[in-house]
Amino acid sequence: MPHVSNSSSDSFPKRLYSVAELLLGALLLAVIGALLAPLTASAANWWVASGFYALISLLVLAFWPHGPLGWANRVTLGRSVLISLVAGALVGEAFIQAIWLWLGVAVIALLLDGVDGWIARRTRSHSPFGARFDMELDALLITLLCIGLIVEESLGLWVLLIGSMRYLFVAASLPFPWLNEPLNESFRRKAVCVWQVVALLLALTPLTSSFLAGLLALSALMSLVYSFGVDVWWLYRKADHCKTPH
């Protein structure tokens, strides 16, 4: 991680670098949104997409004091632009009228999930911020796809459990601080995350029946419950072991 100065005079110019890059991201949002007009058919679609991007930008400024974002985080910021458009298209069910285009944007956002990690490893610029930025966007994309599935396929609100599991885990860490302990690297965790998005994307296609869409969503939920269960049990055993006197 780069050195962070405590001096406000040093920090302010760094913030300007970040602001400039975030403004370029806003310009990218405007350009892509204009090119993908069916997803931004109304002012409400634009307002919601812009609101999501503005919120993400404020959080980046709050937690990234190091100036230039770096190429890995820039790719992740590009993902945030696409995910903001996915969110905006939910308003007024605009996404249903352009379902393949909407799914295509979500797929590109998913594929870029691997690109930013690859760049971070190649440039040795991996950081806790970058990992968290990436993870929170994954959770947001999954939640948005869950909302789309409920609207399009009229599945029950239980589908939201897929998208809210991450937030429930964070909420549970407040009374149980041991849930905040770092987890080891896990291929199983990454595979489950990818399957969630793939299953939801497949469920959302017009070629998928409502019954099959429900089965795909259920498989995503069950795999997620299993994955979280393994992690919670591992963290519990680790915390319990640390409390055991030697």
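Quick one: how many Å² of Lys238 are accessible to a 1.4 Å probe, rounded to 10?
Result for Lys238: roughly 70 Å² accessible.
Leaving out ligands and nucleic acids, note down the accessible area per residue over the chain with a 1.4 angstrom probe, in whole Å².
For the chain, the solvent-accessible area averages 54 Å² per residue.
Just one of (i) 7, 28, 33, 23, 8, 2, 0; (ii) 7, 33, 38, 18, 3, 0; (iii) 7, 30, 36, 22, 4, 0 is P(r) over Cα pairs in 10 Å bins from 0, in percent calculated from these coordinates, so which is it?
The value matching this structure is (i).
How much net charge surrounds Leu28 when only other residues with a Cβ under 13 Å from its Cβ are counted (Lys, Arg +1; Asp, Glu -1)?
+1
From the backbone phi of region 200-215, what are the Karplus-calculated ³J(HN,Hα) couplings (6.51 cos²θ - 1.76 cosθ + 1.60, θ = phi - 60°) in whole Hz, Gly and Pro given as x?
Ordered by residue, 3J(HN,Hα) equals 5, 5, 5, 5, 7, 5, x, 7, 9, 6, 4, 5, 5, 4, x, 5 Hz.
Ordered by residue, what ³J(HN,Hα) values in Hz, to whole numbers, does region 100-110 give under the Karplus form 6.51 cos²θ - 1.76 cosθ + 1.60, where θ = phi - 60° and Gly and Pro are x?
5, 5, 4, 5, x, 5, 5, 5, 4, 4, 5
Once each part is reduced to its C-alpha centroid, what is the distance from region 126-153 to region 158-173 in angstrom?
Taking the Cα centre of region 158-173 as reference, the centre of region 126-153 is 12 Å away.
For the chain, which whole percent of the accessible surface, found with a 1.4 angstrom probe, sits on carbon and sulfur atoms?
72
Keeping all protein chains in position, work out how much accessible area Thr208 exposes to a 1.4 Å probe, and write it in Å² to the nearest 10.
Surface open to solvent at Thr208 totals about 20 Å².
Rounded to the nearest 10 Å², what accessible area does Met222 have for a 1.4 Å probe in the complete protein model?
Roll a 1.4 Å probe over it and Met222 shows about 100 Å².
The values are calculated or read from the model by the stated rules, or taken from the named source; none is laboratory data. As the structure is a computational prediction, the values presented were derived from the model and not from experiment. Reconstructed Cβ throughout: ideal geometry from the backbone, glycine too, with neighbour counts over all protein chains shown. With ligands, DNA and RNA removed, areas are computed over all heavy atoms of the protein, side chains included. Shrake-Rupley method; radii C 1.70, N 1.55, O 1.52, S 1.80 Å.
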